[in-house]
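The block underneath contains the structure these notes are about, expressed in structure tokens.
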Amino acid sequence: MLPYDSATSAKNPNVTSSSSVKPPEIDGLLADAGYKVRSSDLPQVAQRLERLETAMLNSPYHLLPSEAVLYNPSDLSSWVDSLLSEFNQSQQSLPSLPSDLSDLVPSDSSSLFDHNSTPQNRQLQNVNIPHNHHNQVMVVAAVEEDSGIRLVHTLMTCAESIQRGDHSLAASLIEDMQALLIRVNTGCGIGKVAGYFIDALSRRILSPAGGSCSGFAYENEFLYHHFYEACPYLKFAHFTANQAILEAFDGQDCVHVVDFNLMHGLQWPALIQALALRPGGPPLLRLTGIGPPSPDGRDSLREIGVRLAELARSVNVRFAFRGVAASRLQDVKPWMLQVNPKEAVAVNSIMQLHKLLGPDRDRIDTVLSWIKNLKPKIMTVVEQEANHNQSEFMDRFTESLYYYSTMVDSLEACALQPEKAFAEMYIHKEICNVVSCEGSARVERHEPLAKWRERLSGAGFKALHLGSNAFKQASTLLTLFSAEGYSVQEDEGCLTLGWHSRPLIAASAWDAVS
């Protein structure tokens, strides 16, 4: 086991953990990942783990009991100190050992962590391990914990070297991290997240100008569908938006929904059925769905419209559909939507507006301007609750590492396969775009709710309060998922869905001020 700082200093003697990355940034990341250890303690902890590993692998004594208590050794520094201290006590009743190993034998209560869960979710449990496997298991746990912390540190150091243009050092650090991945479980937790970010950093080095990372439209739709099935985020977005639209359409005889991202039309069967049950009878519903052109020449938008029309007919809702093929939202012009002034209009944007926040700053203003001119009764907006649009690469990288670590952690609650695997691919592609791409190629420019409030208010929109019915709908939705980590919160009339205490997406509703 290498001393902790060797991951960076061995490649460049002028770059160390203390000079490459600010300690508060490392401390914050380690704390968010569940590790109670400061960056200044890491070299000493790593050296002690190295001694512990060597001693346990070479020790002829079976000193561990048949039962060991498993708990989260996130307080790594105290954990190692405890092992060394308890050994000093236990050695008095054991045959003498060489003096250089006298402080390294583990105590009767061996601290291990559960590799089947993430740092936030590890729980106390008892396990039976044969005597001859105790030492090996102990060492594997210690090595993996130490390697996970090194990965976080080296990721930050690598990102900092990229920001200052030292791609040679960054490439060598990526090699170090790929070696460290062998020592950790890449099926979950920090090992999986680190793998995604290492890949993204590698892509950035190979294409410094920022190549396209968005993939083909049909591939995005395929992964989007599985992300929808695997976790509640998109369902929450659809349920919340639909409830707000339904309430805005109350008493209206002719309504028109403009959907900025039709995808498979997953959002609209629920609204059609809700309108069918409306007291006084359903209105005439027009749906305009925007989506990318089909790569194989098929009119996939029309096919989705036909399926929705069949559903509407089965529940006696008068329905009309129009598809607008456009690869980018900024290519859509208001005349394409054929909005009738006599209609009650709802504009629906599920994770689309942030894609207008590119180098051309007029794009978002232009689109918001013509949306306002449509005079919609409501505009529903759902966006990632993240800040991935900073100009400084290091700031963007740090924020994305926080955000996607939590997102991937929440996906561990999904028991569906292959939905989970494809949902993780969906997240992986987002990470690649945030980290690898620049300029017009970077479309995942997420901003938090506070910034959207400021921007939409400045564009002439007034916030609408998502009522108690939307909150109840969202809370009911979460009962369909077995995991208890998801939570819905109200935020000044908006709703957020997150994992434990971290909000991950935010839903809001807006009215065009006259």
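The single condition among (1) closer than 23 Å to SER40 by Cα; (2) at pLDDT below 90; (3) not β-branched (Val, Ile, Thr) that LEU155 does not meet is (2). For region 421-438, check the following and say yes or no: at least one residue is in contact with a strand residue (DSSP E or B) (Cβ under 9 Å, 6 or more places away or on another chain) and not aromatic (Phe, Trp, Tyr). Yes, the conditions are met somewhere in region 421-438.
ALA325 passes every criterion in (1) buried (at least 20 other Cβ atoms within 10 Å of the Cβ); (2) over 26 Å from TRP452 (Cα atoms) apart from (1). Against the condition within 14 Å of the chain's Cα centre (by Cα) and at pLDDT 90 or above, how does ALA423 come out, does it pass? Considered against the rule, which asks whether it is within 14 Å of the chain's Cα centre (by Cα) and at pLDDT 90 or above, ALA423 comes out as yes.
Among residues that are over 30 Å from SER391 (Cβ atoms) and in contact with a His (Cβ under 7 Å, 6 or more places away or on another chain), PHE471 is not included.
Residue count for region 351-377 satisfying the condition of being surrounded by 16 or more Cβ atoms within 10 Å (Cβ to Cβ) and more than 16 Å from ARG328 (Cβ to Cβ): 4. Here the helices (runs of 4 or more DSSP H) wholly within region 411-500 that include at least 2 residues being open to solvent by 70 Å² or more (accessible area, probe 1.4 Å) are 449-458, 468-478. HIS167 falls short of the stated requirement of being within 20 Å of the chain's Cα centre (by Cα) and either free of Cβ contacts under 8 Å to residues at least 60 places away in the same chain or over 17 Å from SER436 (Cβ atoms) (or both).
Out of ILE174, ILE190, one residue alone is aliphatic (A, V, I, L, M), surrounded by 17 or more Cβ atoms within 10 Å (Cβ to Cβ), at pLDDT 55 or above and touching a Gly at 6+ places or on another chain (Cβ under 7 Å). It is ILE190. State the number of residues belonging to region 333-350 that are open to solvent by less than 20 Å² (accessible area, probe 1.4 Å) and assigned to a helix (DSSP H, G or I). Qualifying residue count, region 333-350: 1.
State whether the residues of region 463-476 include one that is under 24 Å from HIS226 (Cα atoms), at pLDDT below 95 and out of contact with any helix residue (DSSP H, G or I) (no Cβ under 6 Å at 6 or more places or on another chain). Scanning region 463-476 turns up at least one residue that is under 24 Å from HIS226 (Cα atoms), at pLDDT below 95 and out of contact with any helix residue (DSSP H, G or I) (no Cβ under 6 Å at 6 or more places or on another chain).
(1) surrounded by 14 or more Cβ atoms within 10 Å (Cβ to Cβ); (2) at pLDDT below 95; (3) assigned to a loop (DSSP other than H, G, I, E, B): which one isn't true of GLN330, the others all being true? Status for GLN330: all satisfied but (3).
For region 501-514, filtered to residues that are crowded, with 19+ Cβ neighbours inside 10 Å and of a type in the set (A, V, I, L, M, F, W, C), the residue that is farthest from GLN243 (Cα to Cα) is LEU504. Of all the residues in region 308-323, those that are out of contact with any Lys or Arg (no Cβ under 6 Å at 6 or more places or on another chain) and over 26 Å from GLU247 (Cβ atoms) number 1.
The values are calculated or read from the model by the stated rules, or taken from the named source; none is laboratory data. The structure displayed is predicted, hence computed values, not measured ones. As a convention, Cβ positions derive from the backbone with ideal geometry for all residues, glycine included, and neighbour counts pool all protein chains shown. Keep in mind that these areas ignore ligands, DNA and RNA; they rest on the heavy atoms of the full protein, side chains included. Shrake-Rupley method; radii C 1.70, N 1.55, O 1.52, S 1.80 Å.
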